[in-house]
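Worksheet: the structure to be examined is printed underneath.
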Amino acid sequence: MEEVIIIKYGELSTKSDNINFFLKTLKNNVDNKLSGINHQIKYDHGRMIVHTNQIEEAIEKIKLVFGIHEICIGYLYADKALENIMANIYELVKDLEFNTFKVVTKRSDKNYPGTSTEISKQIGGYLLSRLQDKKVIMDNPDLVINIEIRQNEVLLYFNGEKGLGGYPVSTLGKGLLMLSGGIDSPVAGYLAIKRGVRIEAIYFDSPPHTSPMALKKVEDLARILSKYNGEVRLHVINFTKIQEEIIKNIPNYYLITIMRRMMYQISAILASNINAHIIINGESIGQVASQTLKSMQVINEAIKMPVIRPVCTYDKLEIIDVAKKIGTYEKSIEPYEDCCTIFVPDHPVIHPDIKLVHEYESLVDFKSLIFEAIKTRKIIKINENDQKSYNDLL
């Protein structure tokens, strides 16, 4: 009997025409996550089986892979005789703590004698005769005993552990995450990754107004996201000149609106350069002045690229709950401010006038400043193993 890991697909099973693409991508993502662990993966449209002698270590890594509905420890053996199947099950369950159970049988080998229901009843009766004070119930039993009778083997497994769900990363393309040091944007990135979007990230640095620790904080957040995404390329934009020109030339109450428009324009150009299809950010409706519906409309007008806001309908407590779950919350609340927070005016406009915005933007040669910011950006490649490398793109 071989102990194996069983991966169930859940939502992926609804894919029909392109399920092979999704499953192959999931297999590759699991392979990458298990790098350094001796393993072999086999899969069909029903489930994926991981063969390894490092079960617990492998499961901890697989838990971070999107596209998985459930993870179970299973037992694989070649002897298909029913009396031996029953004896093997008894040996596995006799020392487990449970009061109620049910048996679920599936037969892909249709030549195997008896129907699935008949086999389940036989196994259930056998176990009841040997396990004292146990009961069979069909709804919400303590233990579900799953038996799959295949062409050349039998697969046995019990209750599993819930996976992350979603789609395998990269199956839905690439997005550029506007990553700040706050609570919201890492959560937005995580939720986009969950839907199969592989992310790269952009961060707007404003030295000396922002500290090196603010950048370090964002690098750490990107490293946490890399557990789910794989390597994250963090594009660091020097935003100082643009921000100083805005402060010098633009009325105070329009600072945030025009600053955000410049960030959007830079992000859209960069997204096109890296073949990303969308921009992702952590805006939540009504949370701050730049996130009123009117402000979003005016800021969005600066670009044509689609912008998705995964947390736009979440309240702050809901966002915090997800941040704690994925491990970004404690890092996000560290007291290092980014360039979006250090120059916030006392009374920012919440219903900006697009005509005034265009008038104010004509006061500064933003086009050349944007080009320079993109040209001089620094790229930091970050992965979950605390490794990073730098590239300057000129």
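Values quoted throughout were computed directly from the atomic coordinates according to the rules given, and no laboratory measurement underlies them. Bear in mind that the values here come from a model prediction, so they are computed numbers and not experimental data. All Cβ positions, even for glycine, are placed from backbone atoms using ideal geometry, and neighbour counts span all protein chains on display.
Given a 10 angstrom Cα cut-off, can you work out which residue in Gln54, Gln132, Gln265 is the most mobile in a GNM of the chain? With Cα springs under 10 Å in the chain, the top fluctuation among Gln54, Gln132, Gln265 is at Gln132.
Each principal axis of the Cα cloud of the range 174-392 was taken in turn, and the coordinate range along them, longest first, works out to 47, 38, 32 Å. Using 0.36 nm per residue and subtracting the Cα-Cα separation, the extra length available between Met213 and Asn385 on full extension is 59.9 nm.
Computed about the Cα centre, the dipole magnitude for the range 174-392 is approximately 680 debye when only Lys and Arg (+1) and Asp and Glu (-1) carry charge, each at its Cβ. The modelled label-to-label distance for the pair Asn32/His347, using points 7 Å beyond Cα in the direction of Cβ, is 5.1 nm.
Dividing the Cα radius of gyration of the range 1-49 by 2.2 N^0.38 Å, with N the residue count, gives 1.19.
Alpha-carbon geometry of the range 219-318: the Rg and the Dmax are 14.8, 42 Å, given in that order. Volume per residue of the convex hull around the Cα atoms, evaluated for the range 17-143, comes out as 151 Å³.
Ordering of 87-99, 171-183 by packing is 171-183, 87-99, highest average first (other Cβ atoms within 10 Å, averaged per residue).
Between Ile19, Ile280, Ile258, the residue with the greatest mean-square fluctuation in the GNM of the chain (Cα pairs under 10 Å linked by springs) is Ile19. Note on the chain: with charges restricted to the Cβ of Lys and Arg (+1) and Asp and Glu (-1), its dipole about the Cα centre is near 820 debye. When only Cα pairs below 8 angstrom with a gap of at least 6 residues are kept, the range 174-392 shows a relative contact order of 33 percent. For the range 1-90, a Kirkwood radius taken over Cα pairs fed into Stokes-Einstein (10 °C, viscosity 1.306 mPa s) yields D = 113 µm²/s. For Lys378, a cut-off of 12 angstrom between C-alpha atoms picks up these aspartates and glutamates, skipping any fewer than 8 places away in its own chain: Asp205, Asp392.
Based on every Cα atom in the range 246-291, Rg and the maximum pairwise Cα distance Dmax equal 12.8, 35 Å.
Beta bridges from DSSP with both residues in the chain: antiparallel share about 60 percent, rounded to the nearest 5. Summing +1 for each Lys or Arg and -1 for each Asp or Glu among the other residues whose beta-carbon sits under 12 angstrom from that of Lys27 gives +2.
Out of all DSSP beta bridges with both ends in the range 2-165, state the antiparallel percent to the nearest 5. Rounded to the nearest five, the antiparallel share is 75 percent.
Rounded to the nearest 500, the helix-only mean residue ellipticity at 222 nm of the chain stands at -11500 deg cm²/dmol, with each DSSP H run of n ≥ 4 adding -39,500 (n - 2.57). Name the most mobile residue of Phe239, Phe22, Phe101, meaning the one with the largest mean-square fluctuation, in a Gaussian network model of the chain with Cα contacts below 10 Å. The residue with the greatest mean-square fluctuation here is Phe101.
Shown is the FRET efficiency for Glu11 and Tyr90, computed with R0 = 35 Å from the Cβ-Cβ distance and rounded to the nearest 0.05: 0.50. The antiparallel fraction among DSSP beta bridges confined to the range 174-392 stands at about 40%. Within the chain, all pairs of alpha-carbon atoms sorted by distance into 20 Å bins from zero give the percentages 24, 43, 23, 9, 0. Checked against a 24 Å cut-off, the cross-linked pairs Lys33/Lys381; Lys174/Lys367; Lys102/Lys194 give Cα-Cα distances beyond that limit for Lys174/Lys367; Lys102/Lys194. Here, the range 110-213 is characterised by an Rg to Rh ratio of 1.32, where Rg is the alpha-carbon radius of gyration and Rh the Kirkwood radius. A cut-off under 13 angstrom between Cβ atoms defines the neighbours of Ile59, and their net charge, with Lys, Arg +1 and Asp, Glu -1, is -2.
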